[in-house]
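A quick write-up on the structure given underneath.
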Amino acid sequence: MKKYWFIFTTQVVNSLAYPGELVGRSLIILPFMWIFFQLWRVTFAASGTEVINGLTLRDTLWYLMLAETIELSRPRLGNAISEAVKDGSIAYFLNKPYDFLLYHFSTSMGETIFRGVLNALLGGAAVWWLVGAPPPAWGWPLAALAIFGAWTLNFCISAMIGLAAFAVEDISAFQWIYQKFAFIFGGLLIPLDFYPAWLQTICHALPFAAMTYAPARLFVTPSLEAFAAVMGIQFAWILALGLLLNLAYRRGLTQLTVNGG
């Protein structure tokens, strides 16, 4: 595993090579938090109560901050694989003495980590100014582990979408569908607590809730019981999707046509 650790650390260093670009992309979270604050402030005022389904305005904004951090920080892995297939550079990757999937996992995590930290710092500062202090600090490490699980789940799904390029090359439609499913069923824009009970049941049965809602909700209301539940759900989905990913990769190699040269 040393070579994959080296790939990870190299990608971390590379991600810091252009700090202006890194900060510029992360600044987008600031207007998002301002818009969310205005929308939910009006919503809570119109409801005539300070708590809706167990969440206050402060809880909701901190939830949305972490949900946006998870979404904005993850790399678009599917596009990278698709472009490699289109320009023929996929042959270069496949001939190297490392596992193709583990290589992309290492680079994805290296690209994601500092972007995630910066998004959390900027978004957290904005939400702290708007609604007050964050949840208890002892729960932050628990949420961090859940975020890593969320990014791993995203890698499994994004990599499978990227591997579809082995057969169809253009995966933009699949990317669009996945993004919208993650938005709706993951609770990115609205916490799942505000959904109807029947829709909550459907959302919790899908992996998208473990990718966004579960880490963000754990951050807002941390507990060891909730942490154990989140880890269990994420591990089960990672195991299932990881096996599917390996199968898709081996099947995809038999259908790959390399362009360019």
Taking a spot 7 Å from the Cα of Asp193 along the direction of its beta carbon, which residues of the stretch 217-231 have an amide N less than 11 Å from it?
217-222
For the charge dipole of the chain, defined by +1 on Lys and Arg C-beta atoms and -1 on Asp and Glu C-beta atoms about the Cα centroid, which residue among Phe166, Phe37, Pro134 has the Cα displaced farthest towards the positive pole?
Phe166
Quick one, what does Rg over Rh come out to for the stretch 157-261 if you take C-alpha atoms and the Kirkwood Rh?
1.08
Full extension between Val168 and Gln38 adds, at 0.36 nm per residue less the Cα distance, a length in nm of 42.5 nm
Going by C-beta contacts inside 10 Å, put Thr152, Thr201 in order with the fewest on the left.
Thr201, Thr152
Test of understanding: ordering Glu21, Glu83 by Cβ neighbours within 10 Å, fewest first, what list do you get?
Glu21, Glu83
For Glu21 and Trp140 in one chain, what is 0.36 nm times their gap in residues minus the Cα-Cα distance, to one decimal in nm?
40.2 nm
If you place +1 on the Cβ of every Lys and Arg, -1 on the Cβ of every Asp and Glu, and leave all else neutral, what size is the dipole of the stretch 22-174 about its Cα centre, to the nearest 20 Debye?
260
Return the calculated 222 nm mean residue ellipticity for the chain, to the nearest 500 deg cm²/dmol, obtained by summing -39500 (n - 2.57) across DSSP H runs with n ≥ 4 and dividing by the residue count.
-24500 deg cm²/dmol
Report the Cα centroid-to-centroid distance between the stretch 177-225 and the stretch 137-151 in angstrom, as an integer.
15
Arrange Ser26, Ser158 by Cβ neighbour counts within 10 Å, fewest through most, would you?
Ser26, Ser158
How many Lys pairs in the chain lie less than 30 angstrom apart by Cα atoms, where the lysines are 8 or more positions apart or on different chains?
5
Lys180 versus Ala229: modelled label distance in nm, points set 7 Å from Cα along the beta carbon direction
3.1
Let me see the pair-distance distribution of the chain: every alpha carbon pair, 10 Å bin width, integer percents in order.
7, 28, 34, 21, 8, 2, 0
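Quick note: the coordinates plus some simple rules give every number you see, no bench work behind them. Predicted model only: the values in this text are computed from it and were never measured. Glycine also receives a Cβ, built like all others from the backbone with ideal geometry; neighbour counts cover every protein chain displayed.
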